[in-house]
Each structure stands twice: as structure tokens, then as C-alpha cells.
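Colleague: Below is the structure I would like to discuss, written out as C-alpha cells.
The values are calculated or read from the model by the stated rules, or taken from the named source; none is laboratory data. Since the model is a prediction, treat every value here as computed from it, not as a measurement. Here the Cβ positions follow ideal geometry from the backbone for every residue, glycine too, while neighbour counts run over all protein chains shown. Just so you know, the surface numbers come from the protein's heavy atoms only, side chains and all, with ligands and any DNA or RNA stripped out. Shrake-Rupley method; radii C 1.70, N 1.55, O 1.52, S 1.80 Å.
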Amino acid sequence: AAEGLWRSTDAGAQWQKRHPYHIGPVAVGFDSADNLLAGLIGDNDLQTNIAASTDAGLTWGAAGGGSSGEAVSPILIDPQASEIAYVITQGTRGVGTLYRTLGGMWEAIPNAPIGLPPSGGPGLGLAMNGGTRALYVARADGVLYVSENAFALNVADVTWTPVHAFTGGTLAIPLAAGAGPNGSALYVTLYDWSTTHGRTLRSYDGGQTWQPLDIPAANITPPRRLPPSLPTPSQR
């Protein structure tokens, strides 16, 4: 958020500020909730776009190097190999790039079907089936793709297969993937560029057929803000 990184330990009822960095997407480690990866927005003293924390966001360091651009997707950590993570960034020329780290430097997956995301819309989606490690991305023209080997040691060996082509001037945003009654269960949001509205769809057969989901409007009580827990000058 523009106001920094905030954390809740009571299901969102109360929030405490952890750090003043302008933070984008955040991923929480499977091995420890204190281990975080985050996309940083704008200039920062770390001179990096992806940062890591091992103390629940009080202090940060650069999470390797090799990536550029602003993170425009969720950061996904492989649940079967916590040193592997993925993120899509968008550079100054607008091109989207899928990056992967095996625990050190970030490297671009050169044949990832992303393209040139249109400006002015929502961020891009990225979803992983934790059981099969299948990684889902969507091209800017609405075609959903899957890679069954995005974790391949050599990024040149990563392959992609089209899953479904959504039409009608929509951007497909992969949300989640997992086991379903008839194969892979997939969830996407379709963002309509003409109306600037979105709708969420679900597939229970690996993307062959889709059904819209009726999601009720949220009735949210404004959260309570706790005093900030910020790093001391020696911790920054």
C-alpha cells in the first residue's frame, strides 16, 4: 500500500504498520510467516524491485537481482520448493515479463505468453496448482495458458499450452488453481475493458467449461489501526 506495509494477527480486525516502504504484492513463506517477499513500488534505498524480509516486514533486503520493472502480479512461492518463486513485472516500455528465482538471482522465462498488457486496467494474474506445480498465466488478448514444467532447471526448457481463449475484449486474470472433482479447478476474473467491470468464473474440468460465480457484496467494518511497530534507525 502507499502508506506502507501493514500486518494483522487477528483475521483483519486490527492492523499495525510494519514498514513505510511503498509495497505492492506480498507473499508469505510456507516455512515461516515471518519470511516475506514483496514488490517495491518506486524508488527505494535498496535500489531493487523485489525485496525480502525474515522478521515479518520490520527490516528488508534485496531479494536477489536480475529482475526489472514493477511487480504487476502476485508473487507466487512454490509450495513444494519454497526457494522457487515467480512474479510478472512491467517495465518502462510496457512489456510484461515473467521472472523466476531458484533462490538466488531472478531470471526471465523468455517464452512466457504475456505480451504487452494494456495500460489503465488491473494488474495481471498468476496462479499455481500446489499439487501439480502447474503455473497459469494469461496473455493480454484473453488467452489462458499453463506450464507444467515452469520449475525446469533451464528456463529455455519451460513449455506452455493454451487452456482457453476468452473473447469479447476481456483480460483474463488467473486467481487460483487446485484439485477439482473432474480435474483441475481453475478460477479467473474477466476484466471487461469497455465497462471496466470484472466477473469471476470457475472451471471444474481444467478450463474446458466455465461457470460464473455470484459473489455477494462485502459488508466490511473499518479496521482498527494499532500504533505502528517500525524499525529503529539501526534496523533499517
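Colleague: Starting from residues that are open to solvent by less than 70 Å² (accessible area, probe 1.4 Å) and over 15 Å from Trp60 (Cα atoms), keep the ones in region 1-17 and report whichever is modelled with the lowest pLDDT.
Modeller: Among them, the one singled out is Ala1.
Colleague: Within the set of pairs 6+ apart or on separate chains, which have a first residue in region 161-187 that is over 20 Å from Val72 (Cα atoms), a second that is part of a strand (DSSP E or B) and at pLDDT below 80, and C-beta atoms under 7 Å apart?
Modeller: none
Colleague: In region 82-112, how many are surrounded by fewer than 19 Cβ atoms within 10 Å (Cβ to Cβ), under 25 Å from Val188 (Cβ atoms) and under 17 Å from the mean Cα position of the chain (by Cα)?
Modeller: So the answer is 4.
Colleague: Considering only residues of region 5-28 that are in contact (Cβ under 8 Å) with a residue 60 or more places away in the chain and in a loop (DSSP other than H, G, I, E, B), which is farthest from Val72 (Cα to Cα)?
Modeller: Ala13
Colleague: In this structure, is Ser73 part of a loop (DSSP other than H, G, I, E, B), closer than 23 Å to Gly142 by Cβ and hydroxyl-bearing (Ser, Thr, Tyr)?
Modeller: So Ser73 fits the description; yes.
Colleague: For region 29-43, give me each residue that is surrounded by 15 or more Cβ atoms within 10 Å (Cβ to Cβ) and either free of Cβ contacts under 8 Å to residues at least 40 places away in the same chain or more than 17 Å from Gly91 (Cα to Cα) (or both).
Modeller: Listed by number, the residues that qualify are Gly29, Asn35, Leu36, Leu37, Ala38, Leu40, Ile41.
Colleague: Right, something else. When the residues of region 199-217 are filtered to those that are among the hydrophobic types (A, V, I, L, M, F, W, C), in contact (Cβ under 8 Å) with a residue 12 or more places away in the chain and open to solvent by 40 Å² or more (accessible area, probe 1.4 Å), which remaining residue is nearest to Leu144 (Cα to Cα)?
Modeller: Trp210
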